[in-house]
1. Using per-residue counts of other Cβ atoms within 10 Å, averaged over each peptide, order 51-62, 30-41, 235-246 from highest down.
2. Roughly how many whole Å is it from the C-alpha centroid of the stretch 58-87 to that of the stretch 234-261?
3. Determine the percent antiparallel among the DSSP beta bridges restricted to the chain, to the nearest 5.
4. What spacing in nm lies between the two simple spin-label points modelled at residue 184 and residue 357, each 7 Å away from Cα in the Cβ direction?
5. In nm², what is the average projected area of the convex hull enclosing the Cα atoms of the stretch 95-165?
6. At what distance in nm do the modelled label points of residue 36 and residue 16 sit from each other, each positioned 7 Å from its Cα along Cα→Cβ?
7. If you average the alpha carbon positions of the stretch 263-304 and of the stretch 185-218, how far apart do those two centres end up, in angstrom?
8. Please quote Rg/Rh for the stretch 313-404 to two decimal places, taking the Kirkwood radius as Rh and restricting both calculations to Cα atoms.
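Please treat every number below as a calculation from the coordinates, not as lab data. Fair warning: this is a prediction, and the values are worked out from it, not measured in the lab. Quick reminder, even Gly has a Cβ in these numbers, built from the backbone with ideal geometry, and neighbours come from all protein chains shown.
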Ligand SMILES: Cc1ncc(COP(=O)(O)O)c(C=O)c1O
């Protein structure tokens, strides 16, 4: 019996979501821009989903833009910053002759869909960047972010929770600081610093409320919370308080911010996935945490406390479902241990990275290289049981025994 322990890579689609998508494909097939019945139904399906997604993050439905996924939502925010800065320079009539560039602050453990567009713009000379290193506990320190602020800073982007370690970042605390900083900047006629969080790994696992976090932008990724493989961008007071610049240009869909005929069925499915989170988050959280804690106990029991290292420091807030673990011993490289397992489906690093190198995220999070090489990321889900965990731990034990006997003469 296979045991799926890679819910941070993607989740299965919830049965209610599958049903919603199927129903929508059958009943909401019209073009939402058409004024006759099938189109109207399709439009209604989209607007219902928008309300459901907004409710999940405590936002207004008119502030939600559906996108193809998290990568697109993150890119929209980051590429938009160049236009935002230019428009601001024009508005204060110092557009010409200034050599200043927009300045962006981020951390060294962001997902590639944040880090690579930033690096791209930096390389092209379009932005200046401060990459704040996380502490040896894998968590960014608010003061380190705040102390990077310059007069040209116009975006701070900090992930809500890390996909590899599960560490929850102090997004709320930084948001509170930024609110105060922005009040002062307004008085000094400096550009407002926009604040973005990539909440891909937080949603469906912990409470996420855009207002509490004081963010201007928030990225939502459906396939991390049992929804379909689309996403959205939330922008607080979209177009009025928070500017959004489209990446694509075409029709007027999504208020013109994301043109192209809407993917009604997947949007309806995303709304249904959001409904499930709204109604059951406490239950999901409690279950995942109980199973993850059980997994960690069983790992210690099976391998001995001295031979198991968890790649997340004690006392740090972390997701309820994530366990990044390294088995200590020569030859126990994460992907080699996993390759000898019969039942476990898991990964060593984020799905988009190579399995052969130690994870840069773990190294940046203070995990020693020899330990990072052995890391295995186990992420449990809503349906994972204690029986699954017993099978998985036994499986790892067999793998390690096999590897150890291979080494002995
Ligand atoms: C933290 C984080 N941000 C963004 C993404 C990208 O989402 P998508 O694959 O939907 O583009 C992921 C997915 O792996 C993620 O874990």
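1. Values: 51-62: 19.8, 30-41: 14.0, 235-246: 17.7.
Ranked by mean Cβ neighbours within 10 Å, highest first: 51-62, 235-246, 30-41.
2. Going from one Cα centre to the other spans 8 Å.
3. On the way: 20 of 38 bridges.
In the chain, DSSP labels about 55 percent of beta bridges as antiparallel.
4. 3.9
5. On the way: hull surface 21.2 nm².
The Cα convex hull of the stretch 95-165, projected and averaged over all directions, gives 5.3 nm².
6. 3.5
7. Rounded to whole Å, the Cα centres lie 24 Å apart.
8. Details: Rg = 13.1 Å, Rh = 13.8 Å.
So for the stretch 313-404, dividing Rg by the Kirkwood Rh gives 0.95.
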